[in-house]
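Asks: Sharing a structure here in structure tokens format.
The values are calculated or read from the model by the stated rules, or taken from the named source; none is laboratory data. Computed from a predicted model, the values in this text were never measured in an experiment. Here Cβ is always computed from backbone atoms with ideal geometry, including for glycine, and neighbour counts include all displayed protein chains. Ligands, DNA and RNA are stripped out before the accessible areas are found, and what is left, the full protein with its side chains, is counted by its heavy atoms. Shrake-Rupley method; radii C 1.70, N 1.55, O 1.52, S 1.80 Å.
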Amino acid sequence: MNKLNYSRYIKRPLCLCLIFMLLIGTLTGCTPNPKSFSTTKVSITLDESFEKYESDTFELYIKSDDVGFSAREETSQELELAGYELISLSDYANEILSLNGSEGIKLSQRDDYYYFVTSQTLNGAKYSYVHCMFEGSDSFWVCQFVFKSKDYKRLIDDVYIWADSIEIIK
């Protein structure tokens, strides 16, 4: 076997192998690995692009380059002192909806939580917000995802998957 034929026999399988690997990578996509974040009261599974930050306002505050997430607890006692008579998660979700000035926005239910989507322009950039309301043992929770509206179609399916992973520890 001469040198020219030998290199041809090596190049062809190597080239086919590289093409196959490229196709597999393209078809399966490169999804980031899941990463869980939690406190003693709430947990969520996002992906490894997110990082947890300390916050005086939120029980849990997490950001990536594209999405921000926050979770805030409101105890029944705090709500009562503020003058609210909320007896159900539905009442709480409707109150959060009305406080956001979201007339005409539909409140929807998904598994064990309610949610609605709004948008707002800040400093010339339009943002989308997905507000999710949960019930704890003696509290209610509002969890919020925020991202640029131009990325809505690319991110919304992931946001719903992430929202489904939220667990309020009772």
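Asks: What pairs can you find where one residue is in the stretch 85-108 and open to solvent by 20 Å² or more (accessible area, probe 1.4 Å), the other is part of a helix (DSSP H, G or I) and hydroxyl-bearing (Ser, Thr, Tyr), and their Cβ atoms are less than 9 Å apart, with a gap of 6+ or different chains?
Replies: Pairs that qualify, where the first residue is open to solvent by 20 Å² or more (accessible area, probe 1.4 Å) and the partner is part of a helix (DSSP H, G or I) and hydroxyl-bearing (Ser, Thr, Tyr), are Leu86/Ser76; Leu86/Tyr92; Leu107/Ser90.
Asks: I've got another one for you. Going through Ser64, Ser70 one at a time, which residue ends up being open to solvent by 20 Å² or more (accessible area, probe 1.4 Å) and either of a type in the set (A, V, I, L, M, F, W, C) or touching a Phe, Trp or Tyr at 6+ places or on another chain (Cβ under 9 Å) (or both)?
Replies: Ser64
Asks: OK, next. Of the residues in the stretch 120-159, how many are more than 16 Å from the chain's Cα centre (by Cα), of a type in the set (S, T, N, Q) and open to solvent by 30 Å² or more (accessible area, probe 1.4 Å)?
Replies: 4
Asks: Please pick out the residue among Tyr53, Tyr129, Tyr92 that is in contact with a Phe, Trp or Tyr (Cβ under 6 Å, 6 or more places away or on another chain) and under 22 Å from Ser36 (Cα atoms).
Replies: Sole residue among the options that is in contact with a Phe, Trp or Tyr (Cβ under 6 Å, 6 or more places away or on another chain) and under 22 Å from Ser36 (Cα atoms): Tyr53.
Asks: Give me the pairs, please: first residue somewhere in the stretch 49-74 and β-branched (Val, Ile, Thr), second residue anywhere and surrounded by fewer than 16 Cβ atoms within 10 Å (Cβ to Cβ), beta-carbon distance under 9 Å, and either six or more positions apart or on two chains.
Replies: Ile62/Glu51; Ile62/Lys52; Ile62/Tyr53; Val67/Ser49; Val67/Asp151
Asks: Okay, next question. Mind telling me which of the residues Ile96, Ile105, Ile62, Ile44 ends up being under 23 Å from Ser149 (Cβ atoms), among the β-branched types (Val, Ile, Thr), at pLDDT 80 or above and assigned to a helix (DSSP H, G or I)?
Replies: Criteria check complete, one pass: Ile96.
Asks: Within the stretch 77-93, can you find the residues that are of a type outside the set (A, V, I, L, M) and either under 12 Å from Val142 (Cβ atoms) or part of a helix (DSSP H, G or I) (or both)?
Replies: Gln77, Glu78, Glu80, Ser90, Asp91, Tyr92
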